[in-house]
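Encoded as structure tokens, the structure appears first; notes follow it.
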Amino acid sequence: MTLRALLLGIFLSMSLVGSLQAQSLSSEDIDRIAASVVMIVGLQNGEPFSQGTGTIVDSRGIIYTNRHVIEGAEDLAIFMLEDINERPALRYYASEVATFQDLDFSILQIDRDARGAIVLPTQLNLPAITLTQRDARRGERIYTFGYPGTGDGYLVVTSGLITTIQNGDIGGTRQPVWYQTDAEISPGNSGGLAVSLEGELIGIPTSVNAEDRTLGRLGGILPFRAVQALAEAGANTIRVTGRGSAPSGGGTQQTTPPQPSGPQPTTGGPTGFVFTCDNVEVTNGVEIVVNQMRPGFTYVATVIGLANFDPVLYVGETNRPDQGLCNDDSPDAANVAVNLPIISGTFQANNRSSYLSFTHNNRDLTDISFIIGSYGSTPGEFILVLEGMAVTEGDGAGDPFSVYVTPGMLATGDPFMVAMIGMEQQLDPYFFAVDNSGNNVIGPNGRPLACDDGGTQYCSGDSFSMRGVQVRTADGRLYNADEYDAVLVIDPSTIPNPTTFFFSSVERRTFGKYLLVFLFSTR
């Protein structure tokens with residue numbers, strides 16, 4: 001063999017090795033991706049009922065999986081890897097927050113630790129997979145990650161090619177809605193992860209199509225892009241089963257409201273949150289954050305000022321404060337009225353009341369901020385009525401709302417009130433409070449701050465009977481509170497900042513829609 005032929009052979013061998021290496025994930029990539037893949041164990045009566053796989057797609061604990069993985073489960077245990085060569089360990093519990101009717105797909109939210117203690121999404125910083133924005137290609141090599149029954153409880157990684165791509169129509173656009181692959185997929189892989197050679201999420205292994213005569217098998221993968229497009233095509237294609245799930249019926253805002261400048265932290269103003277609405281600067285804003293509101297559904301917020309308080313309302317995503325909505329005076333508030341014994345009398349919305357109907361269309365759960373101040377930043381009191389919430393079987397600990405204590409609230413020396421009123425007779429409301437670490441807030445009697453039936457021993461804190469309280473909503477319907485509804489009157493100087501209230505029902509035994517009513521004072 002000549003020297004030239006020898007060198008050519010070495011060059012071709014090195015090229016082939018490089019080509020093969022370029023068509024595989026490194027062990028480091030596999031370890032990194034595996035950290036975001038979880039085992040999901042469905043529980044019934046506290047015992048294992050089903051098993052599948054899921055993928056963390058957001059560091060705040062959002063998990064993608066198949067609907068059939070969690071169907072019939074009363075609770076969902078989440079197991080995560082500590083060592084890729086060991087079985088995963090129980091780390092968290094999660095709740096179903098959204099399910100797509102037209103696809104075998106569900107979204108979960110981690111909401112409790114392994115002991116069952118509440119964890120807030122903002123407390124989590126979990127490993128999450130990168131979401132791809134492209135479709136897979138026929139012949140493209142992929143890797144699958146999951147916990148099939150054949151793996152004896154260990155993580156299993158397989159590879160193969162995209163063999164078939166099937167198109168369908170979503171939102172009037174023709175695009176891939178189903179992939180098939182020759183990568184090995186077995187029961188338990190469902191809900192898991194299929195990634196590209198770049199480690200990007202391609203889709204969710206969902207099913208296996210087997211042929212008995214030749215024993216041929218092809219695995220089915222639900223493309224991530226199909227799920228994303230379906231969500232963006234319209235909320236009517238989504239069945240929401242978790243917190244804040246019931247649409248209020250109020251519809252979206254029909255008029256274009258004045259655009260606000262972004263609210264600033266409490267330290268930005270002398271008494272509270274600062275924002276500008278239609279050239280009106282508000283410096284005494286009081287903020288309530290709806291944690292992890294899901295896309296496509298509507299909350300209706302109405303603010304009634306007491307005495308000379310002229311409310312201004314801002315609503316927007318906390319991570320995009322310059323793109324929210326605001327309202328000063330709205331005729332849409334006209335029907336709303338509240339009768340509260342704590343302030344003696346019925347308070348009717350007027351031409352100075354504020355109103356916004358808010359829907360966000362991000363594909364992810366999103367924190368939504370409601371900030372209320374007054375025209376001219378004058379001191380006073382206001383009532384905030386929120387519509388659009390429901391206690392459902394898919395809820396975890398409950399719907400979380402965070403209240404931020406401002407200098408203006410403290411300066412008044414007045415307490416604030418939070419009330420939960422069932423809109424359906426069967427619902428028995430209950431709520432409790434936690435700090436930013438998920439620990440129970442302790443009430444004045446040394447017990448966790450919580451309320452079942454207003455004005456009874458089942459409320460830990462200042463309370464009163466809700467019998468006789470009435471709320472008329474934006475659509476003109478009148479709701480009469482009863483002795484089973486819950487209310488607390490709280491000194492803001494005695495609670496952490498922020499304090500998060502979880503709204504649910506007693507032992508989660510009853511379900512239905514509810515209203516929230518807040519009473520605040522600010523300077």
field: Test for residue 327: is it farther than 25 Å from residue 434 by Cα, in contact with a helix residue (DSSP H, G or I) (Cβ under 8 Å, 6 or more places away or on another chain) and outside the structural domain of residue 62 (by TED's automatic domain parsing)
entry: no
- prompt: Does any residue of the range 275-290 turn out to be modelled with pLDDT of 90 or more, touching a Ser or Thr at 6+ places or on another chain (Cβ under 9 Å) and within 22 Å of residue 476 (Cβ to Cβ)?
  reply: no
task: Among residues belonging to the range 66-125 that are at pLDDT 80 or above and polar (S, T, N, Q), point out the one that is surrounded by the fewest Cβ atoms within 10 Å (Cβ to Cβ).
output: 85
- request: Spot the failing condition for residue 389; the list is (1) under 16 Å from residue 501 (Cα atoms); (2) aliphatic (A, V, I, L, M); (3) at pLDDT 95 or above, and only one is missed.
  value: (3)
statement: Of the residues in the range 131-147, those that are surrounded by 14 or more Cβ atoms within 10 Å (Cβ to Cβ) and either among the polar types (S, T, N, Q) or free of Cβ contacts under 8 Å to residues at least 12 places away in the same chain (or both) number 2
- prompt: Can you spot a residue in the range 148-161 that is surrounded by 20 or more Cβ atoms within 10 Å (Cβ to Cβ), farther than 19 Å from residue 103 by Cβ and of a type in the set (Phe, Trp, Tyr)?
  reply: no
- prompt: Given (1) at pLDDT 90 or above; (2) in the same structural domain as residue 36 (by TED's automatic domain parsing), where does residue 140 come up short, assuming only one miss?
  reply: (2)
statement: Of those in the range 437-468 that are in contact with a Leu (Cβ under 6 Å, 6 or more places away or on another chain) and hydrophobic (A, V, I, L, M, F, W, C), the residue nearest to residue 119 (Cα to Cα) is 441
query: Out of all the residues in the range 432-464, which are touching an Asp or Glu at 6+ places or on another chain (Cβ under 9 Å) and in contact (Cβ under 8 Å) with a residue 60 or more places away in the chain?
result: 438
task: Scan the range 432-482 residue by residue and report those that are buried (at least 16 other Cβ atoms within 10 Å of the Cβ), out of contact with any Cys (no Cβ under 6 Å at 6 or more places or on another chain) and either basic (Lys, Arg) or not in a loop (DSSP other than H, G, I, E, B) (or both).
output: 432, 433, 434, 440, 442, 450, 460, 462, 471, 472, 479
task: Give the residue that is modelled with the lowest pLDDT, with candidates limited to residues of the range 43-65 that are touching an Asp or Glu at 6+ places or on another chain (Cβ under 7 Å) and of a type in the set (A, V, I, L, M, F, W, C).
output: 62
message: On the basis of being touching a residue at least 60 places away in the same chain (Cβ under 8 Å) and not small (Gly, Ala, Ser), does residue 472 make the cut?
response: yes
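The values are calculated or read from the model by the stated rules, or taken from the named source; none is laboratory data. This one's a predicted model, so the numbers in the text were calculated from it and none came from an experiment. When we count neighbours, we look across all protein chains shown, and the Cβ atoms used for this are built from the backbone with ideal geometry, even at glycine.
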